[in-house]
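Inspection log for the structure reproduced underneath, given as structure tokens.
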Amino acid sequence: MKPLTIDYCGELYTVSGDDEFGIGRESDLSIDDNPYLHRRFLTISGDFGMWWLSNVGNLLTATVSDSTGTVQAWLAPGAKLPIVFQTMHVMFSAGATTYDFTISSEDDYFNTSVTVNDSGGSTTILPVTLTTSQRQLIVALSEGVLTQNVPGRGTIPTSAEAAARLGWSMTTFNRKLDNVCDKLDKLGVAGLRGGRGKLATNRRARLVEYAVTTHLVGLDDLPLLDAAAADSAEAAEAAEAAAASGAEQAG
């Protein structure tokens, strides 16, 4: 097998030979001292003449995609998948921080024009139609990752912070978040529901990982945030004017 190259925050790591390469808080690639991150979260090892990426943690998941975002996989604890693209992007969240790195290979076993839908969780990206407000919600949650100051490391806002950024109430934000997660869940996107209709507690992180790795949203969408805040401000002013007018008429 030819060596692999991992690029994290501009630092390059070479994976070769028979030794397993670990990625985590205290591993061959030490991501961060984040206490929410496993000491050893992901590993890269050779088997059956191919390189494999494995999730050896017991809590965190990772989102993996090809360079175009055409094929995306959700790597749950205990799962592994072969590294079949020349460029593979890996993104995961630990606490409020989202990390990403790139794996480069000289081999390219997979043609991303081929449709894939297997039990391992890999899926081609189907067209997703979003309303303006749904896209605004996703961009608000993804803003810290899209505009990260440190390459490979971004933050995801709380629901309250994202709602405030948009000028929405928490009721409105949560309702629209439910709608977005339900829509993507019906399209087969894993990790947005916790089973039996119970929404997953980490759905915001999973939604951001999916949206960014599949290019569902990008930097060009950031102006939507200011537009949402302006619309909310105008609506608030109109409501205040209406209330004042009603009070005058009543008086």
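The values are calculated or read from the model by the stated rules, or taken from the named source; none is laboratory data. None of the values given here were measured: they were computed from a predicted structure. Cβ atoms come from the backbone with ideal geometry, glycine included; neighbour counts cover every protein chain shown.
Data for the structure
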read-out: Condition met for residue 68 (hydroxyl-bearing (Ser, Thr, Tyr), out of contact with any Phe, Trp or Tyr (no Cβ under 9 Å at 6 or more places or on another chain) and touching a residue at least 40 places away in the same chain (Cβ under 8 Å)); value: yes
read-out: Checklist (1) under 27 Å from residue 204 (Cα atoms); (2) assigned to a strand (DSSP E or B); (3) in contact with a Ser or Thr (Cβ under 9 Å, 6 or more places away or on another chain); (4) aromatic (Phe, Trp, Tyr) applied to residue 52, failing item; value: (1)
read-out: Residue match in the stretch 99-121 (condition: of a type outside the set (A, V, I, L, M), modelled with pLDDT of 95 or more and touching a helix residue (DSSP H, G or I) at 6+ places or on another chain (Cβ under 9 Å)); value: yes
read-out: Meets criteria (free of Cβ contacts under 8 Å to residues at least 40 places away in the same chain and under 18 Å from residue 219 (Cβ atoms)) for residue 149; value: yes
read-out: Criterion violated by residue 30 - all others in (1) loosely packed, with under 15 Cβ neighbours inside 10 Å; (2) modelled with pLDDT of 95 or more; (3) more than 21 Å from the chain's Cα centre (by Cα) satisfied; value: (3)
read-out: Selected residue (criterion: farthest from residue 148 (Cα to Cα)) from residues of the stretch 8-19 that are in contact with a strand residue (DSSP E or B) (Cβ under 7 Å, 6 or more places away or on another chain) and surrounded by fewer than 16 Cβ atoms within 10 Å (Cβ to Cβ); value: 18
read-out: Test: residue in the stretch 153-168 that is more than 19 Å from residue 73 (Cα to Cα) and acidic (Asp, Glu); value: yes
read-out: Condition met for residue 81 (in a loop (DSSP other than H, G, I, E, B), at pLDDT 90 or above and among the hydrophobic types (A, V, I, L, M, F, W, C)); value: no
read-out: Residues (of a type in the set (A, V, I, L, M, F, W, C) and in contact (Cβ under 8 Å) with a residue 40 or more places away in the chain) located in the stretch 163-192; value: 166, 168, 177, 180, 184, 187, 189, 190
